[in-house]
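Notes follow the structure.
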Ligand code: CP
Ligand code: NVA
């Protein structure tokens, strides 16, 4: 099939204008029945609450039928080659979403080129999460360009997508990550090349200074469980507390992609307090998934 088939493996698959178009498509009244009579395969090699439910409901809202598949059912690259799994699913479905341990499997899937492939979280990136995050911030700020967001914690898959997505939207980023757990420098350089400021420090208090949003995530991502003890030691002092939020800009909001661990990366007083927008973020996962699917299947 066509080699110019579009995919979303991370947000650097999009231009600034395309990201803005997708954010506009997140409005429920923009949903069209573009998947009427069609299926969408949703592969999950890791657990999921938000992404599975948001993606399934997004497909339903576009008139389609979601089929969620657990990793062990198809054995990507084990029971059958990644390419063969993709070729077969493409005969039934208009789009394939996949949550995978190994980002290279998404690249292999997109290489087949028959249907759009959407990254539903990999070890490297979580782009549909960040579309929802940017939507959440745009709902508060009206426009994104010129604002500043801080990331406190692990320079992980969500952080990577956030840095790239923020840069596409003209949002400056202030990163506080412990040594050895920084955000992928390739993503940081790509963001700076977009012309936005990316400030890097190991001190949470320095990162949140002037930030209008403070974002954190788990210290131990799915698939890193064997590193839990070492990571928890490395992240001592990186909890988002009310004292830390008080050092951000007045009115700053708190974001977390969830699931959250109260008392670890964030205190209950913050995530359950007035600055928290995490439930809107979670709802926006559905609007973002719907917009991404609609945009991709109508290319
Ligand atoms: N934020 C997020 O991706 O949540 P799930 O792991 O529950 O899908
Ligand atoms: N960084 C986390 C995000 C979970 C939504 C993980 O990969 O487990």
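None of the figures in this text is laboratory data; all of them are computed from the coordinates on show. Everything quoted here is computed from the prediction, not taken from an experiment. With ideal geometry, Cβ positions are generated from the backbone for all residues, glycine too; neighbour counts draw on all protein chains shown.
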Problem - Where labels lie 7 Å past Cα in the beta-carbon direction, separation of residue 179 and residue 84 in nm - result: 4.9
Problem - Relative packing of 80-89, 206-215, which averages over residues the other C-beta atoms within 10 Å, highest first - result: 206-215, 80-89
Handout entry: Whole-number Å³ per residue for the convex hull built on Cα positions in the stretch 1-79
Key = 145
Practice task
Using only Cα positions of the chain, each an equal point scatterer, no hydration layer, compute I(q)/I(0) via Debye at q = 0.09, 0.12 Å⁻¹ and quote the log10 values to two decimals.
Solution key: -0.41, -0.74
Problem - Estimated distance in nm for a label pair at residue 225 and residue 197, the labels positioned 7 Å out from Cα along Cα-to-Cβ - result: 4.2
Exercise for the section: Measure out, as a whole number of angstrom, how far apart the alpha-carbon centroids of the stretch 1-76 and the stretch 252-297 sit. Expected result: 18
Handout entry: Largest-first principal axis extents of the Cα set of the stretch 15-131 (Å)
Key = 42, 31, 28
Completion exercise
Using the Kirkwood formula on alpha carbons, the hydrodynamic radius of the stretch 232-294 in angstrom works out to 13.0
Completion exercise
Taking max minus min of the Cα coordinates of the stretch 192-231 on each principal axis, largest first, gives extents in Å of 37, 25, 17
Problem - Pairwise FRET efficiency - residue 283 versus residue 73, Cβ, R0 = 25 Å, nearest 0.05 - result: 0.30
Exercise for the section: Give the shape of the stretch 86-138 as rounded, prolate or oblate, defined through the alpha-carbon gyration tensor: a ≥ b ≥ c are the square roots of its eigenvalues, a/c under 1.5 means rounded, and otherwise the shape is prolate if a/b is larger than b/c and oblate if not. Expected result: oblate
Handout entry: Hull volume in cubic angstrom per residue (convex hull over the Cα atoms of the stretch 94-203)
Key = 110
Practice task
Once you have the Cα-Cα distance between residue 65 and residue 258, take 0.36 nm times their residue separation minus that, and quote the gain in nm to one decimal.
Solution key: 66.9 nm
Practice task
Just rank 121, 25, fewest to most, by other beta-carbon atoms within 10 angstrom.
Solution key: 25, 121
Handout entry: Calculated FRET efficiency for the pair residue 243/residue 5, C-beta based, R₀ 41 Å, to 0.05
Key = 0.25
Practice task
Using only Cα atoms, locate the centre of the stretch 85-118 and the centre of the stretch 165-194, then give the distance between them in Å, rounded to an integer.
Solution key: 27
Completion exercise
Rounded to the nearest 0.05, FRET efficiency between residue 269 and residue 143 (Cβ-Cβ, R0 22 Å) equals 0.15
Exercise for the section: Neighbouring Cβ atoms within 10 Å as the yardstick, rank 141, 295, 279 fewest first. Expected result: 279, 141, 295
Exercise for the section: Two decimals is fine: what's Rg over Rh for the stretch 173-299, C-alpha atoms, Kirkwood radius as Rh? Expected result: 0.99
Problem - Additional length obtainable on full extension of the chain from residue 104 to residue 32, 0.36 nm per residue less Cα span - result: 22.7 nm
